[in-house]
Amino acid sequence: MLSTGQAAGLSNGVKVISFDILSIFPEMFSSPLHFSLLKKAQEKGIINISLHDIRNWADDKHKMTDDAPYGGGCGMVMKLEPVEKALSAIRKKNREDSTVILMTPQGEVFNQKIAAEISEKKRVIIICGRYEGIDERIREHLVDREISIGDYILTGGELAAMVLIDAVSRLLPGFLGNPESKIGESFSRNILEYPQYTRPANYKGWKVPDVLLSGNHAKIELWRKTESFRRTYKKRPDLLKKLKLSAEDKKILDKIKKGQI
Ligand code: SAM
């Protein structure tokens, strides 16, 4: 078992919390880009990831990338010049068009549609913020798009960037072993994916629905569609408003709403 912290409870009077992470790739937490499909995609050349240390473009001898905010206040602010110089150097080296994305809790909230839009780009430069904030001129003059991964505050943009890279990369042709996996996925059509099961068919009396064992593909398709609607109606009714429904779909949804199926 990998462990990064101490036992849950109190340490020196300070509340501490321990997380137990269950994963088939626990080492991923030290290097999320070097495991599983993201690693393969890099080996196959589907994605290239270059890491740049903003400090390399800091001029002073201490390689400072932050400074105190004008006007006072708590926390430090990410400096403008190292970020601007880093961007210029990256652009000089790679002449193709690039989109500059700033990870920020103030950006548009990331979703599958935005992931699809970004997957159309050739080169995406992601700025990961740190500190209490970033110099506003970065936002004003250097950034094409601001993206948030949700309404909460992270300590830095790196985790958010990894979320974005993961979601965008898996939309690229050749990333997934079976490209059809993407088709019925939750959010690809504003509807949640149907429930999935695998062997055994019965575990401690917890049974797989009979229809999935029937071999009747038409019935299985209808069951999956119905269950997709049921889950979306229960868990994310907001998505249904964005959905274009056929007459048959409307009937199914109506019956679910009335509790008839
Ligand atoms: N004080 C800032 C504010 O209220 O907007 C938050 C700064 S946060 C501590 C530091 C950096 O983490 C941000 O510049 C941004 O790059 C990143 N970050 C934090 N929350 C994020 C989110 N929900 N989505 C994307 N990036 C986030």
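Summary table
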quantity: Qualifying residue in the range 166-173 (condition: surrounded by fewer than 19 Cβ atoms within 10 Å (Cβ to Cβ) and in a strand (DSSP E or B)); calculated: no
quantity: Flag for residue 95 being away from the ligand (no atom under 16 Å from the Cβ) and assigned to a loop (DSSP other than H, G, I, E, B); calculated: yes
quantity: Pairs with Cβ under 7 Å, 6+ apart, first in the range 141-152 and over 19 Å from residue 79 (Cβ atoms) and in a loop (DSSP other than H, G, I, E, B), second within 9 Å of the ligand (Cβ to nearest atom) and of a type in the set (Gly, Ala, Ser); calculated: 149/160
quantity: Candidate set: the range 224-261, residues that are small (Gly, Ala, Ser) and on the phi < 0 side of the Ramachandran plot; chosen: the one least open to solvent (accessible area, probe 1.4 Å); calculated: 228
quantity: Failed item, numbered, when residue 135 is tested on (1) charged (D, E, K, R); (2) more than 19 Å from the chain's Cα centre (by Cα); (3) away from the ligand (no atom under 16 Å from the Cβ); calculated: (3)
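Listed here are the residues, each with its yes/no results for (1) within 16 Å of the ligand (Cβ to nearest atom); (2) touching a strand residue (DSSP E or B) at 6+ places or on another chain (Cβ under 6 Å); (3) touching a residue at least 12 places away in the same chain (Cβ under 8 Å).
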{"site": "157", "(1), (2), (3)": "yes, yes, yes"}
{"site": "164", "(1), (2), (3)": "yes, no, yes"}
{"site": "169", "(1), (2), (3)": "no, no, yes"}
{"site": "177", "(1), (2), (3)": "no, no, no"}
{"site": "192", "(1), (2), (3)": "no, no, yes"}
{"site": "195", "(1), (2), (3)": "no, no, yes"}
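The values are calculated or read from the model by the stated rules, or taken from the named source; none is laboratory data. This one's a predicted model, so the numbers in the text were calculated from it and none came from an experiment. Glycine also receives a Cβ, built like all others from the backbone with ideal geometry; neighbour counts cover every protein chain displayed. Note: accessible area is taken over every heavy atom of the protein model, side chains too, but ligands, DNA and RNA are not part of it. Shrake-Rupley method; radii C 1.70, N 1.55, O 1.52, S 1.80 Å.
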